[in-house]
Amino acid sequence: MNAHLELVLGIGYLHNGSPELTLESIAVSPVISAGYRNEKKNGYVFRAGIGYPEGVYAGIGLGF
């Protein structure tokens, strides 16, 4: 079992949902998150954490 702390800091581009993609419809926003990742030897991965702008997140999957 491998347990990891994930820390993320960066910038992201957010679209306001308008049908046209213009410079006015895009905003630059800071991205920050802290989370936990657990990787098992059989390939299964579990991730959970909290961040901005996504909020609380969790996921399962397969590592390759």
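Just so you know, all these numbers are worked out from the coordinates, no wet-lab data involved. As the structure is a prediction and not an experimental result, all values here were calculated from the model. When we count neighbours, we look across all protein chains shown, and the Cβ atoms used for this are built from the backbone with ideal geometry, even at glycine.
One table, with the values for the structure above:
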{"item": "Normalised alpha carbon radius of gyration of the stretch 2-62 [divisor 2.2 N^0.38 Å]", "result": "1.47"}
{"item": "Neighbour cut-off at most 12 other Cβ (10 Å), DSSP loop, GluC sites (Glu not before Pro), the chain", "result": "GLU20, GLU54"}
{"item": "Set of the stretch 1-27 residues, backbone N closer than 16 Å to the point 7 Å along the Cα-Cβ line of TYR44", "result": "1-3"}
